[in-house]
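Data first, discussion second: the structure below is written as structure tokens.
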Amino acid sequence: MKDTREIAAPSKTRDILAKHGFTFKKSLGQNFLTEPNILRKIVETAGIDTTTNVIEVGPGIGALTEQLAKNAAEVLAFEIDDRLIPVLEDTLAAYNNVTILHQDVLKANLETVADHFQEEYPIKVVANLPYYITTPIMMHFLESKLPVAEMVVMMQKEVADRISAKPGTKAYGSLSIAVQYFMEAKLAFIVPKTVFVPQPNVDSAILKLTRRTTPAVTVTSEKEFFKLTKASFQLRRKTLWNNLLHSYGKDDATKEWLTNSLATAEIDPKRRGETLSLEEFARLSNALENSRPS
């Protein structure tokens, strides 16, 4: 008799783990979702259909992959754990539109990934990201030349709050700016910790990121812009001025450069980094770049 249970069904997940003798590796941040309805909601949030190519990171035993494969043109999944490769070959055997790459996504040349897809449909990243490397993975995609139209990713709720935060809030920081420079960020829905095996300590959130046609602000140098935003939050409780001195230096020439740049950008040095908008950071970044001492 054919087994019609979905991979994410708790009983099916247990059977798969038992069949393959799989044990969780805490070092890889493995938490498997056992609620098919939530997985379907993720696919729906991402707007996946037969004219969408999908990249997944960390497919685990294939619970989300299965739902993606049912709807997408093609699915390309990166899995670093060699123990899961034979599991995925087993659980996803019925789907001929899934490719599993046994590779660390952070070491992958993402520019070449589009070559794996047969049709030039929009590429979306849909994944339950490992908590311990959520930010590096996201930035790896955002800073690559791969034309990712959208990302719908699960992460710790706290990280999702930081990414989608607005200026003047406690959660707002350099991560908010780095992501929002490239994408429009919206918290889609919360996923309770109780629907995972093993159960994590915190709730998760689904974050929907939509690629902007052009970056949120115009900067002379992206490298300078991101350096400035990181510097502005180094000492969280300190003023912008103290943070800039801490990162750029305290000699007289540097102080003069910083003073003049702040004046040009019309930004009060006594403000704190979390009060500055992306536009203000762009103004200051451009001022710093345009008057940089030779």
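Throughout, read-outs are computed from the coordinates displayed, never taken from laboratory work. Predicted model only: the values in this text are computed from it and were never measured. With ideal geometry, Cβ positions are generated from the backbone for all residues, glycine too; neighbour counts draw on all protein chains shown.
Annotations
- The range 223-294 and the range 1-38 have Cα centres separated by 49 Å.
- Length-normalised contact order for the range 41-192 - Cα pairs under 8 Å, 6+ apart - percent: 21 percent
- The length gained on full extension between residue 14 and residue 41, counted as 0.36 nm times the residue separation minus their Cα-Cα distance, comes to 7.5 nm.
- Likely footprinting exposure, 15, 161, 3, fewest C-beta neighbours within 10 Å first: 3, 15, 161
- Stretching residue 135 away from residue 4 to a fully extended chain increases their span by 43.6 nm, per 0.36 nm per residue minus the current alpha-carbon distance.
- A straight chain from residue 111 to residue 189 at 0.36 nm per residue would run longer than the Cα-Cα distance by 25.0 nm.
- Mean ellipticity per residue at 222 nm, deg cm²/dmol - from DSSP H runs of n ≥ 4 across the chain, formula -39500 (n - 2.57): -11000 deg cm²/dmol
- The range 10-211 - charge dipole about Cα centre, Lys and Arg +1 at Cβ, Asp and Glu -1, debye rounded to 20: 800 debye
- The range 1-131: relative contact order in percent, alpha carbon pairs under 8 Å with at least 6 residues between: 28 percent
- Of the trypsin sites (Lys or Arg not before Pro) in the range 157-227, the ones in a loop by DSSP (not H, G, I, E or B) with at most 15 other beta carbons within 10 Å are 170, 212.
- Percentage relative contact order, the chain, counting C-alpha pairs under 8 Å, at least six apart: 14 percent
- More than 18 Å apart - percent of Cα-Cα pairs taken over the range 1-56: 51 percent
- Each of 214, 134, 220 was scored by other Cβ atoms within 10 Å of its Cβ. Arranged with the fewest first, they read 214, 220, 134.
- Each of 281, 196 has some number of other Cβ atoms within 10 Å of its Cβ, and from fewest to most they run 196, 281.
- Calculated log₁₀ intensity ratio I(q)/I(0) where the Debye formula runs over C-alpha points of the chain, q = 0.09, 0.12 Å⁻¹: -0.50, -0.80
- Karplus-derived HN-Hα couplings along the range 26-32 (A = 6.51, B = -1.76, C = 1.60, θ = phi - 60°), whole Hz, x at Gly and Pro: 4, 5, 9, x, 7, 9, 9
- Shape analysis of the range 115-271 yields a ratio of the Cα radius of gyration to the Kirkwood radius, Rg/Rh, of 1.04.
- One quarter of the convex hull surface built on the alpha carbon atoms of the range 1-152 amounts to 8.6 nm², the projected area averaged over directions.
- Straight-distance crosslink candidates among lysines, where the alpha carbon sits under 17 Å from residue 166 and sequence neighbours closer than 8 are dropped: 157, 186, 208, 230
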